[in-house]
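The values are calculated or read from the model by the stated rules, or taken from the named source; none is laboratory data. Just so it is clear, the model here is predicted, and its values are computed rather than measured. A quick note on method: Cβ atoms are made from the backbone with ideal geometry, for glycine too, and the neighbour counts reach across all protein chains shown. These area figures cover heavy atoms from the full protein model, side chains too; ligands, DNA and RNA do not enter into them. Shrake-Rupley method; radii C 1.70, N 1.55, O 1.52, S 1.80 Å.
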Amino acid sequence: MKVYTYTEARQRLASLLERAKKEGGVRIRRRNGQLFVLKPEQPAGSPLDVKGIDLGVTTEEIVAFVRESRKIRPRG
């Protein structure tokens with residue numbers, strides 16, 4: 001991870017952000033020795049964002065299955 005001085009970071013902020021995006025992060029060192037890490041925030045995805053699976057079933061077939069399952073059946 002590349003280390004920049006505070007002054008360099010101020011002067012080249014746009015390129016620094018691009019480098020952090022490309023490489024996952026950069027470090028910025030202040031004159032007093034404090035070290036900071038600048039890295040891109042990962043977008044929060046929904047746990048419901050899952051890739052679908054093609055089962056070869058049409059919409060009409062799914063609707064028919066649901067309707068069939070909702071029919072009242074005699075007990076016994």
If residue 40 meets every condition in (1) part of a loop (DSSP other than H, G, I, E, B); (2) out of contact with any helix residue (DSSP H, G or I) (no Cβ under 8 Å at 6 or more places or on another chain) apart from one, which number is that one?
(2)
Of residues in the stretch 15-29 being within 14 Å of residue 40 (Cβ to Cβ) and hydrophobic (A, V, I, L, M, F, W, C), the one surrounded by the most Cβ atoms within 10 Å (Cβ to Cβ)
26
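Conditions (1) open to solvent by 60 Å² or more (accessible area, probe 1.4 Å); (2) at pLDDT 95 or above; (3) under 18 Å from the mean Cα position of the chain (by Cα), marked per residue:
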| residue | (1), (2), (3) |
| --- | --- |
| 1 | yes, no, no |
| 32 | yes, yes, no |
| 35 | yes, yes, no |
| 40 | no, no, yes |
| 46 | no, no, yes |
| 52 | yes, no, yes |
| 65 | yes, no, no |
| 68 | yes, no, no |
| 74 | yes, no, no |
Where the second residue is in a strand (DSSP E or B) and open to solvent by less than 100 Å² (accessible area, probe 1.4 Å) and the first is touching a residue at least 60 places away in the same chain (Cβ under 8 Å) and closer than 17 Å to residue 15 by Cα and lies in the stretch 26-44, which pairs have Cβ atoms under 6 Å and are six or more apart or on separate chains?
none
